[in-house]
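Enquirer: Mind looking over this structure? Questions follow.
The values are calculated or read from the model by the stated rules, or taken from the named source; none is laboratory data. The structure presented is a predicted model; accordingly, all values stated were derived computationally and were not measured. Here the Cβ positions follow ideal geometry from the backbone for every residue, glycine too, while neighbour counts run over all protein chains shown.
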């Protein structure tokens, strides 16, 4: 029988504090154990070091490792729907520090413009996240679209791909290339960025139906069709996807200014990587 490390009896403890915003919808079979009362472990010292050294290009990979470490009931982080990232980050922060977070807001400029801090309950915020209505179709002429959230992998891969292409464009002035070569490389990079955006649109579509006879779920078919469809149809589909994505919202809070007593509406926002670094 192997000897067990006695120090592990004094390691971190989990808390059953995570309820997925998606209620488990959009997760592939076998990618997660359950959708509510999920055990969450606090950050380790190693996790904090990873966050402190994270570059923008590595944020996705580092967050994936931290989620796997803190929420072992998630078996496949990369297939996680993006709409669950905020509630998971909130749960990890609550397990690591506490349920409270201080936010700063400024009273309206036409009032007193006073800046102050207010404490909020993060678990309450997590329960009030508003999701798009993915079960309802969007109509574009005789076309109907059923949409879905991007996965964690798709979200961060798209961001990384775009960042790479933009960095190529930014470095053109530093390269020893002729004007024609620079122009060609810039056009190719912008073309690639456009293709990345179209691919992201295709991945946001669960199904397209046209009339009574045609229904397509194949992502490659949808991507090919989006690349070839007319400008007006493409614009309407992009508008529908943007409208759907905008329905995802962290809750707003209402606070009275401590100086003039005006009631301010404050949007709750945070960057996942920075959010986990803070314990205030």
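Enquirer: Restricting the search to segment 234-280, which residues are surrounded by 15 or more Cβ atoms within 10 Å (Cβ to Cβ), out of contact with any helix residue (DSSP H, G or I) (no Cβ under 9 Å at 6 or more places or on another chain) and not in a loop (DSSP other than H, G, I, E, B)?
Expert: 236, 240, 244, 245, 255, 264, 266
Enquirer: What number of residues in segment 199-222 are within 17 Å of residue 140 (Cα to Cα) and either in contact (Cβ under 8 Å) with a residue 40 or more places away in the chain or part of a helix (DSSP H, G or I) (or both)?
Expert: The qualifying residues number 11.
Enquirer: Can residue 185 be described as without any contact (Cβ under 8 Å) to a residue 40 or more places away in the chain and surrounded by 15 or more Cβ atoms within 10 Å (Cβ to Cβ)?
Expert: yes
Enquirer: Being on the phi < 0 side of the Ramachandran plot and either modelled with pLDDT under 90 or not assigned by TED's automatic domain parsing to the domain that holds residue 123 (or both) narrows it down to one residue among 39, 65, 2, 33; which is it?
Expert: Going through 39, 65, 2, 33 in turn, the sole match is 2.
Enquirer: Within segment 33-41, is even one residue touching a helix residue (DSSP H, G or I) at 6+ places or on another chain (Cβ under 6 Å) and within 21 Å of residue 134 (Cα to Cα)?
Expert: Looking for residues that are touching a helix residue (DSSP H, G or I) at 6+ places or on another chain (Cβ under 6 Å) and within 21 Å of residue 134 (Cα to Cα), one finds none in segment 33-41, hence no.
Enquirer: Taking the conditions exactly as written (assigned to a loop (DSSP other than H, G, I, E, B) and more than 26 Å from residue 206 (Cα to Cα)), does residue 42 satisfy them or not?
Expert: Against the criterion (assigned to a loop (DSSP other than H, G, I, E, B) and more than 26 Å from residue 206 (Cα to Cα)), residue 42 qualifies.
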